[in-house]
1. Any residue at all in the stretch 271-279 that is under 28 Å from I177 (Cα atoms), surrounded by fewer than 15 Cβ atoms within 10 Å (Cβ to Cβ) and not charged (D, E, K, R)?
2. Report yes if I291 is of a type in the set (A, V, I, L, M), within 40 Å of the chain's Cα centre (by Cα) and at pLDDT 95 or above, otherwise no.
3. Kindly establish whether N323 is part of a loop (DSSP other than H, G, I, E, B) and open to solvent by 60 Å² or more (accessible area, probe 1.4 Å).
4. Taking the criterion of being within 19 Å of Y259 (Cβ to Cβ) and hydroxyl-bearing (S, T, Y), would at least one residue in the stretch 376-387 satisfy it?
5. Output the strands (runs of 3 or more DSSP E) that fall wholly within the stretch 107-221 and possess 1 or more residues being polar (S, T, N, Q), or say none.
6. Determine if the stretch 119-128 includes at least one residue that is of a type in the set (V, I, T) and either in contact with a Phe, Trp or Tyr (Cβ under 6 Å, 6 or more places away or on another chain) or exposed (fewer than 11 other Cβ atoms within 10 Å of the Cβ) (or both).
7. Can you find even one residue in the stretch 219-230 that is under 20 Å from G175 (Cβ atoms), crowded, with 17+ Cβ neighbours inside 10 Å and not small (G, A, S)?
8. Examine the stretch 277-293 for a residue that is out of contact with any Ser or Thr (no Cβ under 7 Å at 6 or more places or on another chain), touching a residue at least 60 places away in the same chain (Cβ under 8 Å), among the small types (G, A, S) and within 13 Å of S232 (Cβ to Cβ), and state whether such a residue exists.
Amino acid sequence: MDVGPWAWGRGLDLGPRFGKTISSDGWERSEARRSRVSALDPPPALPLESSSDQRKIRTWLRQSMFMPTTFLLLGMACPPLFFERTNGTAGMKCNQFHCPVNCQVSEWSDFSACSKECGGGTQGKTRSILTKPKNGGTECDTTLEERPCNTGSCDRDCTLMPWTPWAPCSMACGGGIQERHRKVDIPIRANGKCPDAKHPDRFEMQQCNTQDCVGDEICIARQDLVIALDGSGSLKQEGFDYVKKFALNLTSKYQSVYYGHEDMRIGLVLFGNGEYFDNGTVAAALEVVPITTDLESVETAIQGLQWQRGFTNMMQALQAADNMFAEGRDDAQSAVMVISDGKWTNAYRTTMKATAMKDKGIQIFMAPIAEHMNANLQILRGWASEPWETNFELIPGLTSLVNNEPEFAQKLLVKFCPRAFSPSLKQEEETQTGYLKIHEEGYPADSCATWTDLGTQSSADACMEAVKEKNGLAFAYLEGGRNSGTCYEEGIDVTSEIWADAMNDRVNMSCPGTDGGWVYNAFASTYIMNPTMFGSLFEDE
C-alpha cells in the first residue's frame with residue numbers, strides 16, 4: 001500500500017472532496033486512479049480539532065493512496081491513518097497557554113473624613129480588587145483617590161453660651177450686687193480670640209435689694225457656719241471682750257429652725273493661741289463647739305471664752321473649721337466667718353489652706369477689725385471667697401465697733417447670710433396679700449387635712465387665686481422638682497386664732513388639723529389665707 005505524507009489536521013487542503021492526492025514522491029495522482037481503489041477504501045477522515053477554554057488538541061491525519069488488492073496476498077496492510085501518541089492519547093496538544101484574566105475592582109467607597117479641621121487636609125476614597133489580573137490580562141487601575149479639604153484658616157473665635165440667670169443678691173437689704181456670666185461653649189482655635197471671664201461680653205453685675213435695712217433681719221439659710229474668733233495677744237483683753245460681745249449679737253440673729261424646718265447650724269472656733277513648739281509645729285486652734293442646731297449652747301460658749309495671748313494662727317483656725325465640716329450636711333452651704341484684728345502669720349501656709357478649702361466649695365467670709373486698709377489686709381482679702389466684694393467686710397477699728405455694734409452685726413448678717421430677711425417687712429407683705437407661709441418642705445398629712453389637686457399654677461399667688469375660687473383657705477404649692485408648679489387645696493379650717501398665731505410665730509407651727517402631722521416634700525410649702533379677708537367673701541356667696 002502506498003500512503004501520502006502526514007498532514008496537519010488543521011488547514012490540510014485535500015481539494016474539492018479529495019479531487020487530488022499527493023504521493024510520497026511528490027507526484028500528483030489523478031482522480032481516476034484514486035477512484036479506482038476508493039471502492040474498497042472507506043471515506044477518508046476529515047481534519048479533527050478539539051478545544052477547551054484554555055487549551056486545544058491538534059490531530060494529524062493522512063490519506064490512503066490505494067488499497068492492496070485481494071490478489072496481492074503478500075501486500076502490507078495500511079498503517080493507521082489517525083495519529084496516536086505512544087501513551088494511547090489521540091492527537092497532539094496545542095495552544096498550551098492560559099487564557100488572559102482581566103482585573104476586576106469594586107465600586108468606590110465614600111470619601112473619608114478630612115485629616116485636618118482647618119489649614120488644608122486631605123480625604124480619600126478607596127476601592128478593593130475583586131479579581132487580580134493573570135496571564136497578561138488588563139492591569140488594575142488605581143484603588144485610591146484623594147482630594148483637598150478644609151482649606152480654610154485655622155483661626156476661630158470662641159462661641160459663648162447664653163447668659164446664666166442672675167445670681168442671688170449679695171445682701172438682703174442696704175444695696176447688694178448680683179452677677180451673671182456667659183461661659184465658653186466652643187473654645188478658640190489657633191489665633192482666634194475670646195473675651196476673658198470679666199469682660200463685659202461675659203460678665204455683668206447689677207444692684208439689688210437697694211431698700212434700707214430695718215434692723216430686725218434674721219438668717220434662716222440652710223447653712224453650716226463656723227465662726228472663728230481671734231483671741232490673739234495683739235487684741236488685748238479689752239479688745240477681746242468687745243469681739244465676744246459682737247459675736248453674741250451676731251449669733252442671736254441666726255434661727256436654727258424656721259417655718260417648721262431646720263436651717264442654720266453653727267460651730268465655734270477660737271484661735272490666737274499661736275505658739276511654736278520645739279518640733280517646729282504651731283499650736284492648733286481650739287474647736288470649742290462642733291456644728292450644732294443648739295444655738296444657745298454656742299452663745300453660752302462665746303461668753304465663756306478666754307483671751308489666749310498668742311500670735312494669730314489663722315491657718316490653724318481654717319484647719320479647725322475644715323475639720324468640723326466633716327460632720328456637716330451635704331445639702332447645706334459650708335462657710336467659715338473669720339473675725340480678727342486683721343493680723344496674721346505665715347501667709348504662704350494660710351494661702352494654701354484657704355485655697356484648698358475654696359476648691360472644696362467652702363465659703364470663706366473675712367471680717368477684719370482695723371482702722372484702715374493696708375497691705376496685710378489686702379492679702380487677707382485674697383483669702384476670702386470670690387467675689388471679695390460680697391465676702392469681705394472691713395470693720396473700721398474697735399472704737400467704731402463698740403459705738404455701732406448692732407449696725408455692724410446686722411451688716412455682716414445681711415451680707416454673709418444667703419437667706420436673710422426682715423420679719424416685720426415680711427409680715428406687712430403678708431397682711432397685704434392675705435396669705436402667709438406656715439411650713440416649708442412639706443404639706444399636711446391626710447390625717448391633718450383633705451386635699452384637692454388644682455393642677456399646675458405659675459406661682460404661689462396664682463395658686464392662692466385658684467384656691468380662693470374653690471372657697472378654700474389653705475393650700476400647698478411646689479416650687480421645683482419634677483412636679484414644680486403643682487397646686488393643692490388643703491382642707492384646713494383656718495380660723496382667726498390660727499391666723500393670729502401664725503403671724504406671731506412662724507418657727508415651728510404644727511399642722512392645724514386633727515393630729516398636726518406633716519408629710520416631707522423638699523419642694524412643697526404650705527400656706528394659709530386670712531379668714532377675715534376671704535372668709536366674708538365665701539359667706540356672701
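1. No, the stretch 271-279 contains no residue that is under 28 Å from I177 (Cα atoms), surrounded by fewer than 15 Cβ atoms within 10 Å (Cβ to Cβ) and not charged (D, E, K, R).
2. Answer is yes for this residue.
3. Values: part of a loop (DSSP other than H, G, I, E, B): no; open to solvent by 60 Å² or more (accessible area, probe 1.4 Å): yes.
No.
4. At the first step, the residues of the stretch 376-387 found to be within 19 Å of Y259 (Cβ to Cβ) are none.
Scanning the stretch 376-387, I find no residue that is within 19 Å of Y259 (Cβ to Cβ) and hydroxyl-bearing (S, T, Y), so the answer is no.
5. Once the strands (runs of 3 or more DSSP E) in the stretch 107-221 are filtered for at least 1 residues that are polar (S, T, N, Q), what remains is 121-126, 129-131, 176-181, 203-208.
6. So the first thing to find is which residues in the stretch 119-128 are of a type in the set (V, I, T), and the list is 122, 126.
So of that shortlist, the ones also either in contact with a Phe, Trp or Tyr (Cβ under 6 Å, 6 or more places away or on another chain) or exposed (fewer than 11 other Cβ atoms within 10 Å of the Cβ) (or both) come out as none.
No, because not a single residue in the stretch 119-128 is of a type in the set (V, I, T) and either in contact with a Phe, Trp or Tyr (Cβ under 6 Å, 6 or more places away or on another chain) or exposed (fewer than 11 other Cβ atoms within 10 Å of the Cβ) (or both).
7. So in the stretch 219-230, the residues under 20 Å from G175 (Cβ atoms) come out as 219, 221.
If we keep only those that are crowded, with 17+ Cβ neighbours inside 10 Å too, we end up with 219, 221.
Pick out the ones that are also not small (G, A, S) and you get 219.
Yes, the stretch 219-230 contains a residue that is under 20 Å from G175 (Cβ atoms), crowded, with 17+ Cβ neighbours inside 10 Å and not small (G, A, S).
8. Checking the stretch 277-293: not a single residue is out of contact with any Ser or Thr (no Cβ under 7 Å at 6 or more places or on another chain), touching a residue at least 60 places away in the same chain (Cβ under 8 Å), among the small types (G, A, S) and within 13 Å of S232 (Cβ to Cβ).
The values are calculated or read from the model by the stated rules, or taken from the named source; none is laboratory data. Since the structure is predicted, the reported quantities are computational estimates derived from the model, not experimental observations. Glycine gets a Cβ as well: all are built from the backbone with ideal geometry, and neighbour counts include every protein chain shown. Heavy atoms of the whole protein, side chains included, go into the accessibility calculation; ligands, DNA and RNA do not. Shrake-Rupley method; radii C 1.70, N 1.55, O 1.52, S 1.80 Å.
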